[in-house]
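Here's the structure we're looking at; comments come further down.
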Amino acid sequence: MNTELSFHQKQMQNEFRFFASKEIIPFADQYDEQQQFPPNLIAKFAKSGYLGAMISKKYGGMEMDAITFGLLCEEMGKASVSLISLLTVHGMVSHAILRWGEDNQKDKWLVKLSSGEILAAFGLSEPDAGSDPSSLETTIKNEGNFFVLNGRKKWISCAQIADIFLIFARCDEQISAILVEKNTPGLFCKPISGMLGFRSAMLGELFFDNCRVPKENLIGRIGTGFKYVANSALDYGRYCVAWGCVGLGQACLDACLEYTCTRKQGGVLIRKHQLIQKMIADMVTEVKAARMLCLHAGCLKEIADPGSIMETNVAKYFASKMANKVASDAIQIHGANGCCNSYPVQRYFRDAKITEIIEGSSQIQQIIISQYGYQNYLFKSKITRK
Ligand SMILES: Cc1cc2nc3c(=O)[nH]c(=O)nc-3n(C[C@H](O)[C@H](O)[C@H](O)COP(=O)(O)OP(=O)(O)OC[C@H]3O[C@@H](n4cnc5c(N)ncnc54)[C@H](O)[C@@H]3O)c2cc1C
């Protein structure tokens, strides 16, 4: 694995850093407080091409390689991991259409998604179906040229601003994926506010009451919704969140380096204390380790290695745990100042917790990763016995 960034990747990294420092960092606390993703910022994301980051050029996207896209998520995550929700869910839906859509569906949606003319959200979770989406209850019924949707979706990032939703529902007991436009009669979105973190993600709850959707909006086939469409979109989402956590961890570390070089107690800068240095050393190491796991997953994605899916699980699991540990230590280092909204570390701490819940909670990742460990072990021991 080559961990050295190419000249082009470094150039793009500088561009992302500049964008984040100018357009996001100065306002991130304000957006968090107002629980907003302001339209002018969305327009700037769109203008920069970031909403079509990994979409092919044929459909107006930037066709970034996986590492460059990771760097984008890292830099945006450093500024506000809550704001990368849009890159995540919009990208998940675009990716699903690109991967599983018919040519006419790609032509119809992808150019608009890449340019930001329309925004997309991903609707899998329900009030009673989170970690186990196979228990979802929203239904699709066949009715002539239409599918009729009934049910509810909850915790949908960017639901308040999205123009289309990729909805997962049961059609004759088989989970299927379908695009539903915002203005479809029978669809109602109720904003969710008061979240612990990811407060700029503009979450919503969706209600479908005999919502008639044209049949041509089905993505993939009846029954391929979870196994194929959702799973590949979740892999994309996990990759994005893992890199976002690296950014969040780096933001915590940077904040602590600055704080410990100015804060004095007993006439001594707190950076002189070995116990503080220990926390900084752990932060430096853990952020680097998470970045390496993300790079590894990205390198495998670049060569379409099927192992990239497991490496993305590992990267997301480690990076979100790292973000929580590092953000917690960042509060510790800042003392009472860290508990107050004059310093961004309290936002990092609140946002970090969310990353252990979304795109497969830490417990679900533990199950997946341990199964992978056992599979490898059992496979090797079978070969050895032979
Ligand atoms: C800010 C935010 C944004 C979100 N955005 C979206 C979105 O855009 N689209 C979308 O579809 N969903 C979204 N979600 C929902 C998210 O995907 C779910 O919250 C997540 O899947 C967990 O489901 P749950 O909250 O129902 O928890 P539950 O599934 O009820 O889990 C509760 C606890 O039990 C643990 N648990 C569950 N099953 C097991 C098991 N088998 N073994 C061990 N432990 C287990 C979990 O890890 C967790 O700790 C979002 C959530 C948040 C907080």
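Readers should treat all values here as calculations from the given coordinates under stated rules, not as data from a laboratory. In this text the structure is predicted, and so the values were computed from the model without any measurement. Note: ideal-geometry Cβ built from the backbone for every residue, glycine included; neighbour counts use all protein chains shown.
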Rounded to the nearest 0.05, what FRET efficiency do D163 and N2 have when you use their Cβ-Cβ distance and R0 = 51 Å?
0.85
Run the numbers on the range 260-333 and let me know its relative contact order in percent, using alpha-carbon pairs under 8 Å that are six or more apart.
27 percent
Sort 285-297, 95-107, 234-246 by packing, meaning the average of other beta carbons within 10 Å per residue, with the highest value first.
234-246, 285-297, 95-107
Proportion of all alpha-carbon pairs of the chain beyond 32 Å (%)
34 percent
Treating cross-link reach as a plain straight distance, find the lysines whose alpha-carbon is under 23 Å from the alpha-carbon of K112, omitting any fewer than eight places away in the same chain.
K44, K47, K57, K58, K182, K215
Tell me, what is the percent relative contact order of the chain, built from C-alpha pairs under 8 Å that lie six or more residues apart?
17 percent
Between S362 and N142, what is the label-point separation in nm under the 7 Å Cα-to-beta-carbon projection?
4.6 nm
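By average Cβ neighbour count within 10 Å, what is the ranking of 24-30, 66-72, 350-356 from highest down?
On the way: 24-30: 16.3, 66-72: 24.9, 350-356: 22.4.
For the peptides 24-30, 66-72, 350-356, the packing ranking is 66-72, 350-356, 24-30.
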Under the Karplus relation 6.51 cos²θ - 1.76 cosθ + 1.60, θ = phi - 60°, what is the ordered set of whole-Hz ³J(HN,Hα) values for the range 252-268, x standing for Gly and Pro?
4, 4, 4, 4, 6, 4, 5, 5, 6, 8, 10, 7, 10, 9, x, x, 10
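As a check on your grasp of the helix formula, calculate [θ] at 222 nm for the chain: sum -39500 (n - 2.57) over DSSP H runs of n ≥ 4, divide by the residue count, round to the nearest 500.
Using -39500 (n - 2.57) per qualifying helix, the result is -17500 deg cm²/dmol.
Taking every DSSP beta bridge that has both residues in the chain, what percent is antiparallel when rounded to the nearest 5?
Expressed as a percentage, antiparallel bridges in the chain total about 85.
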Output ordering of 121-129, 199-207 (per-residue mean of other Cβ within 10 Å, highest first) is 199-207, 121-129
Roughly how big is the chain's charge dipole about its Cα centre, with Cβ charges of +1 (Lys, Arg) and -1 (Asp, Glu), in debye to the nearest 20?
780 debye
Gain in length, T262 to L378, computed as 0.36 nm per residue apart minus the alpha-carbon separation, to one decimal in nm?
36.4 nm
To make sure I understand, if each residue's beta carbon is the centre and we count other beta carbons within 10 Å, what order do C252, C171 fall in, fewest to most?
C171, C252
Find the centroid of the Cα atoms in the range 189-228 and in the range 262-304, then give the distance between the two in whole Å.
37 Å
For the range 101-107, what does the Karplus curve 6.51 cos²θ - 1.76 cosθ + 1.60, with θ = phi - 60°, yield as ³J(HN,Hα) per residue in whole Hz, taken in order and with x for Gly and Pro?
x, 7, 4, 5, 6, 4, 4
Fully extended, how many nm does the chain gain between R99 and S56 (0.36 nm per residue separation, minus their Cα-Cα distance)?
14.4 nm
Could you give the distance between the Cα centres of the range 312-385 and the range 1-70, to the whole Å?
23 Å
Relative to 2.2 N^0.38 Å, what does the C-alpha radius of gyration of the range 230-385 come to as a ratio? Two decimals please.
1.22
What distance in nm separates the simple spin-label points at I280 and I25, each placed 7 Å from Cα in the Cβ direction?
1.9 nm
Global form of the range 276-318, assessed from the alpha-carbon gyration tensor, a/c cut-off 1.5:
prolate
Rounding to the nearest 10 and keeping the result within 0 to 90°, find how far the Cα-based axis of helix 66-80 lies from the longest principal axis of the chain.
60 degrees
